[in-house]
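The values are calculated or read from the model by the stated rules, or taken from the named source; none is laboratory data. Quantities reported herein were computed from a predicted structural model and do not represent experimental measurements. No Cβ is skipped: glycine too gets one built from the backbone with ideal geometry, and neighbour counts run over all protein chains shown.
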Amino acid sequence: MQNDKQEYKRILSAVDGSESAEYALMKAIEIALRNHSELIITHAIDTHVYTMGEPALYFDDIDFDTSEIEKKLAEYKHRAASAGVEKVTIDLTKGNPKTVLSKELPRKYHADLIVVGQTGLNAIERWMVGSVSEQIIRAAPCDVLIVRNEEENEE
């Protein structure tokens, strides 16, 4: 009899600093441990938010945010490694999160699973044009796991 057990070798976990994304990261770590997978923890900096103000401020703001995000990604990497995930990669990419997370990074890393939280930090954009999670479901070239935290389960 053939073994039909699904195994994920490269798991992409998209984080944005939200509680939902942190909860999803914990699920991604659990799955990576069970499958002995590589875990790629990523954040996409949405550069269009910076283009609405003064051009001179753009570079200061994005440099500050990049530095803060890099620190957070390093913390996440340490958390995953401490839990026992053997291969952890972090990736900070600038661009439209919907495109970066649904197409560019899954192809770059040959991901076979993307794990994201159901809701992120940008409620206005989600209301206007749909969430990043929805775009990932529609466009990703691999399996997608949308993780709900306890508060979202109660809604």
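Scan region 7-36 for residues that are at negative phi and in contact (Cβ under 8 Å) with a residue 60 or more places away in the chain and the total you get is 20. Scanning region 94-136 for residues that are aliphatic (A, V, I, L, M), in a helix (DSSP H, G or I) and at pLDDT 90 or above yields Val100, Leu101, Leu105, Ile136.
Is there any pair with a first residue in region 130-145 that is within 15 Å of Asp16 (Cα to Cα) and in contact (Cβ under 8 Å) with a residue 12 or more places away in the chain and a second that is part of a loop (DSSP other than H, G, I, E, B) and among the polar types (S, T, N, Q) whose Cβ atoms are under 7 Å apart and which are 6 or more apart or on different chains, and what are they? What qualifies is Ser131/Thr119; Ser133/Gln118. Annotation: of all residues in region 66-93 being at pLDDT below 95, surrounded by fewer than 14 Cβ atoms within 10 Å (Cβ to Cβ) and not hydroxyl-bearing (Ser, Thr, Tyr), the one that is farthest from Ile11 (Cα to Cα) is Glu68.
Of all residues in region 4-21, at least one satisfies being modelled with pLDDT under 70 and either closer than 21 Å to Ile136 by Cα or assigned to a loop (DSSP other than H, G, I, E, B) (or both).
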